[in-house]
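The values are calculated or read from the model by the stated rules, or taken from the named source; none is laboratory data. The model shown is predicted, which means the values in this text are computed figures rather than measured ones. A quick note on method: Cβ atoms are made from the backbone with ideal geometry, for glycine too, and the neighbour counts reach across all protein chains shown.
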Amino acid sequence: MSLLFNKQTSVIRDCDFKSPKKRRLVPWIMTGALVAALPLSISAGELILKDFSDVSHLTLNGDAKTISTPEGVALQLTSATRLQSGSVFSTLKVSTAQFSTHFTFKITEPGGVMSGGDGFVFVVQPVSSEAGSEGGGIGYAGIPTSIGVEFDTWDNQKETDTRNDPDDNHIGINLNGEFNGKTAPVSPLFENGQVWDAWIDYDGSQLEVRTNPTGKRPAKPLLTRELNISEILGGTPEAFIGFTSATGGAYANHDILSWSYRDEFAPFGEGKVDVWMADSKSDTGDEPNKVSKRFWLSPDIWIRNQQDDIPKYQNVEFGQDNYVYVRAKNRGTKTARNTTVEVYRSIPAIGNRWPKGWTLIGTAKIDTLEPDASQAVAIRWDKDDIPKPGHYCFYVRVLNDFDTMKFPEKTDSLVNMRNNNAIVSRNFNVVDLLKNVTDTFEVTVHNPKDEDAAIDLVFEEEDKLLDSDGAGAIV
């Protein structure tokens, strides 16, 4: 996954606006990890804005501003006033080779000519702050080398035959600042004052648009269009993303309430991935784990001396290859793809601090893991890498790009296991035993009573240190 923002890309300001509200704000620093507290969350390849109380990573132009609403701090593109024009774009370019975005919006107080206009456009374009024209252009008309998804509330076809406006409440997918693309009608009206959701997804060849006021992602898109966005943008897979809006004789408040973006095709609202392993038999996967008393005996890790797929624990046999089995599960609602299993062992001389106290044994891939499913993988542990007989510990991680760890890993391994259901541990022993060897020995039994006694002779492993497959006794 590439970083969401490319710092080498400069921002070109729009010099056409006379409004003092146009400004460039300081971009954020990307580290690949979470770098800001909610409501702003940014990680490599992803932007999550639950509201717009922090707009330090955006460029606001024209009449665009932030306002307080019952839903929180919103991004108002234009207010319910004639001849408004506003836009907001990411301060830095993002990858657009593939992407998924979701935002919520609300259009209120429609007025003026025919009560309400004109809508807004989600725009992908290479010039950060150009907002286009006023009125029916919705701030998008005239922006070259661009893709615009319109949420249109005004029928301009009555005024001009150059715009494909079938009605006064539709969505459309347009190119290069012209309104000549495919459209689809929407019901009810955008201007009904409700909170609407919109989902726009691009898989590298097709753009899909969904919207409704229910908050539930529809299974089928309202509108699709085959596109090569990189080609449209002049051969580059990067662009600025944002919104434009404008009013003419008709007007309304056009407010964006929240916004999320991923630089890969990973649709929002399709469910979530939650790959995990159990710390104990009572563990259900909740984070943090508040039910397990022990964190060194995961039932989802076991060892076999051969790759026989038997789910029963054996000690590691020194001097031969062994197999570490790990069972990963998906408690989410979405199929987990390309999950990686990593197995580490402790280094007694260093301790169990993460990651310094652990050495990697091996990894395995799980291609797909359906919701509520589990899959065990076997990782061969080469005999030359197995340490001398003794007591050790495994530290196992399951990693998936769509299921980042809820709590960042720190140096305390136990805290990491307790906080994250994708990390578990198991103690184990390395033994050096000769198998299939028999021997005889004598046991003297004394009866202190004056009468016959029935005596049971029982052999037990101390603390069950040895598995029954490794040692036995016949009396």
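Within segment 62-83, being within 15 Å of Thr108 (Cα to Cα) and in contact (Cβ under 8 Å) with a residue 24 or more places away in the chain holds for Ile67, Thr69, Glu71, Ala74, Leu75, Gln76, Leu77, Thr78, Ser79, Ala80, Thr81, Arg82.
One residue alone among Thr108, Thr104, Thr69, Thr59 is closer than 30 Å to Ile232 by Cα and surrounded by fewer than 24 Cβ atoms within 10 Å (Cβ to Cβ), and that residue is Thr104. Among the residues that make up segment 329-345, is at least one of them over 22 Å from Thr404 (Cβ atoms) and not small (Gly, Ala, Ser)? Among the residues of segment 329-345, at least one is over 22 Å from Thr404 (Cβ atoms) and not small (Gly, Ala, Ser), which makes the answer yes. When Arg353 is tested against (1) within 28 Å of the chain's Cα centre (by Cα); (2) more than 17 Å from Met277 (Cβ to Cβ); (3) at pLDDT 95 or above; (4) of a type outside the set (A, V, I, L, M), just one condition goes unmet, and that condition is (3). The set of residues from segment 316-345 being touching a Gly at 6+ places or on another chain (Cβ under 6 Å) and farther than 22 Å from Ser374 by Cα is empty. Within segment 83-98, the residues that satisfy the criterion of being closer than 13 Å to Gly242 by Cβ and part of a strand (DSSP E or B) are Gly86, Ser87, Val88, Phe89, Ser90, Lys93, Val94. Looking only at residues in segment 222-245 that are assigned to a loop (DSSP other than H, G, I, E, B) and not small (Gly, Ala, Ser), which one is surrounded by the fewest Cβ atoms within 10 Å (Cβ to Cβ)? For segment 222-245, the residue satisfying everything is Asn228. When Thr66, Thr9 are checked against the criterion of being touching a strand residue (DSSP E or B) at 6+ places or on another chain (Cβ under 8 Å) and at pLDDT 75 or above, Thr66 stands alone in meeting it.
On inspection, Asp372 does not qualify as modelled with pLDDT of 95 or more and surrounded by fewer than 16 Cβ atoms within 10 Å (Cβ to Cβ). Selection within segment 134-188: residues that are buried (at least 17 other Cβ atoms within 10 Å of the Cβ) and assigned to a helix (DSSP H, G or I). The member of this set that is modelled with the lowest pLDDT is Gly135.
Each row is one residue, and each column tells you yes or no for (1) at pLDDT below 95; (2) within 22 Å of Gly204 (Cβ to Cβ); (3) touching a strand residue (DSSP E or B) at 6+ places or on another chain (Cβ under 7 Å); (4) assigned by TED's automatic domain parsing to the domain that holds Leu49.
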| position | (1), (2), (3), (4) |
| --- | --- |
| Val73 | no, no, yes, yes |
| Leu77 | no, no, yes, yes |
| Leu83 | yes, no, no, yes |
| Thr108 | no, no, yes, yes |
| Gly111 | yes, no, yes, yes |
| Met114 | yes, no, yes, yes |
| Phe120 | no, no, yes, yes |
| Gly132 | yes, no, yes, yes |
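Filter segment 64-82 for residues that are among the aliphatic types (A, V, I, L, M) and part of a loop (DSSP other than H, G, I, E, B); which is nearest to the chain's Cα centre (by Cα)? Filtering first and then ranking leaves Ala64.
Given the criterion part of a loop (DSSP other than H, G, I, E, B), small (Gly, Ala, Ser) and under 13 Å from Phe103 (Cβ atoms), identify the matching residue among Gly271, Gly248, Gly215. When all the criteria are applied, what remains is Gly215.
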